[in-house]
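Working notes, structure below.
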Amino acid sequence: MRGAKVAFARLQPDVAIVIDTFPAAGTPDTRHLAYTARIGQGVLITPASSSGNSGFLFSRAARDVVIAAAQRAGVPYQLAVTSGGVTDAAAAHLAGAGVATLEVKIPRRYSHSPVELLDLRDVAATLDLVEALVSHPPAAEALSFLPDLP
């Protein structure tokens with residue numbers, strides 16, 4: 001996240017879209033874990049990620065923007081509550097005065113090993129979703145945690 005923190009502070013984007021991978025279930029070695037993502041079921045949309053002192057919390061508005069974009073683009077997606085793991089979104093949303101941040105994940109197995117595995121259909125779904133978000137970007141205000149107050 002150190003490099004991401006510097007990049008976001010320097011670039012100061014209006015909106016950041018962070019793409020990462022996340023562990024998937026579906027194998028005997030994951031039966032005891034709380035993984036709910038499945039390979040081959042589409043892009044993963046999670047409300048939060050954290051590790052140690054770092055973390056990211058998706059606002060409801062941001063989550064709704066990503067889901068609406070996936071539905072418009074006909075992209076399969078999964079909703080999951082996860083624990084552990086942190087992405088560059090944790091650096092993006094705290095950069096400068098704060099960057100409106102969207103996060104999508106690709107389910108994968110066998111993390112950090114020579115045989116890490118994912119489904120190319122999930123990668124394609126992720127790319128289609130990001131293309132839909134970039135083609136019709138949400139206004140930063142639409143991603144706020146706080147609604148406009150009178």
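Readers should treat all values here as calculations from the given coordinates under stated rules, not as data from a laboratory. Just so it is clear, the model here is predicted, and its values are computed rather than measured. Cβ: placed from backbone, ideal geometry, glycine included. Neighbour counts: every protein chain shown.
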Cα-projected label distance for A142 with R38, points at 7 Å along beta-carbon direction, nm = 3.1
note = Neighbours of T21 by Cβ distance under 11 Å: Lys/Arg at +1, Asp/Glu at -1, summed charge 0
